[in-house]
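*Asks:* Attaching a single structure in structure tokens format; questions to follow.
The values are calculated or read from the model by the stated rules, or taken from the named source; none is laboratory data. Quick caveat: nothing in here was measured; it's all calculated off a predicted structure. Note: ideal-geometry Cβ built from the backbone for every residue, glycine included; neighbour counts use all protein chains shown.
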Amino acid sequence: MGTVQVGAQRVGEHAIVIGASMGGLLGARALSDAYERVTIIDRDELPAVGEGRKSVPQGRHAHVMLASGQRAIEELLPGITDELLAAGAQPGKSLREIRLVIAGHPITREAHGADVMLASRPLIEGHIRRRVLALANVTARQRCNAVDLVTSADGRRVTGVHVRDRCAGDGEAVLDADLVVAATGRGARVPALLEALGTGVPRRIGCPSTCCTPAAACACALARSATTS
């Protein structure tokens with residue numbers, strides 16, 4: 001693949017993002033400013049806005065878009081905040097209007113807190129996915145598995161992705177790229193692929209908090225407000 005310089009923005013012809021996760025979608029949006037084409041590869045058939053994905057383990061849980069994340073997404077996708085609010089997302093103050101209890105300790109609710117947004121994961125992700133895939137230079141290959149990474153002759157650089165396209169009868173192909181980004185989450189095969197190439201596995205940084213230990217679990221439930229008729 002070649003490199004093109006147009007002003008100070010375009011740095012390459014083609015970038016591939018493995019995984020249409022929130023990170024993958026927003027990564028593709030950021031890369032769309034620097035690459036002529038961006039291709040998102042995902043093993044699933046992407047659902048309609050508001051529908052969940054079976055590969056997202058916490059997709060049915062309540063979600064809060066924190067203020068800093070909301071600002072960053074708004075910068076990438078101007079108008080997305082108003083779009084989500086119009087679709088049913090609820091604004092709130094993070095400390096005043098949301099009750100937080102961590103390890104049995106209630107967090108003070110005296111502070112006003114920053115503005116946050118509450119919505120379902122399928123609603124947030126669906127609207128972001130719709131906006132990103134509407135970009136002229138971003139495409140998605142659904143039901144497409146990343147089988148292997150392709151490297152240069154000396155093995156020092158990843159130059160593409162070997163894919164199996166289930167939409168095309170399990171046909172296989174090699175997609176060349178200047179940059180490959182892995183955004184497939186905790187179930188990613190990329191560390192194993194890198195190890196097979198002899199590059200070693202990236203160091204995994206764990207969270208010391210008890211909320212991230214194997215013994216911890218997440219649960220949520222829908223409740224009707226006492227003021228709702």
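*Asks:* Could you say which residue among Arg53, Arg10, Arg29, Arg37 is surrounded by 14 or more Cβ atoms within 10 Å (Cβ to Cβ), in a loop (DSSP other than H, G, I, E, B) and either in contact (Cβ under 8 Å) with a residue 40 or more places away in the chain or small (Gly, Ala, Ser) (or both)?
*Replies:* It is Arg53.
*Asks:* For residues that are buried (at least 20 other Cβ atoms within 10 Å of the Cβ) and not small (Gly, Ala, Ser), scanning just the range 142-170, find the one that is farthest from Ala196 (Cα to Cα).
*Replies:* If we take residues in the range 142-170 being buried (at least 20 other Cβ atoms within 10 Å of the Cβ) and not small (Gly, Ala, Ser), then Cys144 is farthest from Ala196 (Cα to Cα).
*Asks:* Does the range 62-80 contain at least one residue that is β-branched (Val, Ile, Thr), closer than 19 Å to Ala28 by Cα, at pLDDT 80 or above and over 15 Å from the mean Cα position of the chain (by Cα)?
*Replies:* Within the range 62-80, one or more residues are β-branched (Val, Ile, Thr), closer than 19 Å to Ala28 by Cα, at pLDDT 80 or above and over 15 Å from the mean Cα position of the chain (by Cα).
*Asks:* Further question: Kindly indicate whether any position in the range 137-150 is part of a strand (DSSP E or B), modelled with pLDDT under 95 and in contact with a Lys or Arg (Cβ under 6 Å, 6 or more places away or on another chain).
*Replies:* Yes: one or more hits.
*Asks:* Within the range 81-115, how many residues are closer than 23 Å to Met22 by Cβ, at pLDDT below 85 and of a type in the set (Val, Ile, Thr)?
*Replies:* 1
*Asks:* If we scan the range 50-59, do we find a residue that is of a type in the set (Val, Ile, Thr) and within 14 Å of the chain's Cα centre (by Cα)?
*Replies:* yes
*Asks:* For the condition touching a residue at least 12 places away in the same chain (Cβ under 8 Å), surrounded by fewer than 13 Cβ atoms within 10 Å (Cβ to Cβ) and not in a strand (DSSP E or B), what is the one hit in Thr81, Thr108?
*Replies:* Thr108
*Asks:* Every residue in the range 111-132 that is of a type in the set (A, V, I, L, M, F, W, C) and in contact (Cβ under 8 Å) with a residue 40 or more places away in the chain, please.
*Replies:* Correct list: Ala114, Val116, Met117, Leu118, Ala119, Leu123, Ile124, Ile128, Val132.
*Asks:* When residues of the range 133-162 are filtered for being farther than 21 Å from Gly12 by Cα and either β-branched (Val, Ile, Thr) or in contact with a Pro (Cβ under 9 Å, 6 or more places away or on another chain) (or both), how many remain?
*Replies:* Count: 1.
*Asks:* I'd like to verify a number: residues in the range 60-78 that are of a type in the set (A, V, I, L, M, F, W, C) and part of a helix (DSSP H, G or I), how many?
*Replies:* Going through the range 60-78 one residue at a time, the tally reaches 4.
*Asks:* Does Arg166 meet the test of being within 26 Å of Ala20 (Cα to Cα), at pLDDT 85 or above and basic (Lys, Arg)?
*Replies:* Working: within 26 Å of Ala20 (Cα to Cα): yes; at pLDDT 85 or above: no; basic (Lys, Arg): yes.
Judged against the criteria, Arg166 is not a match.
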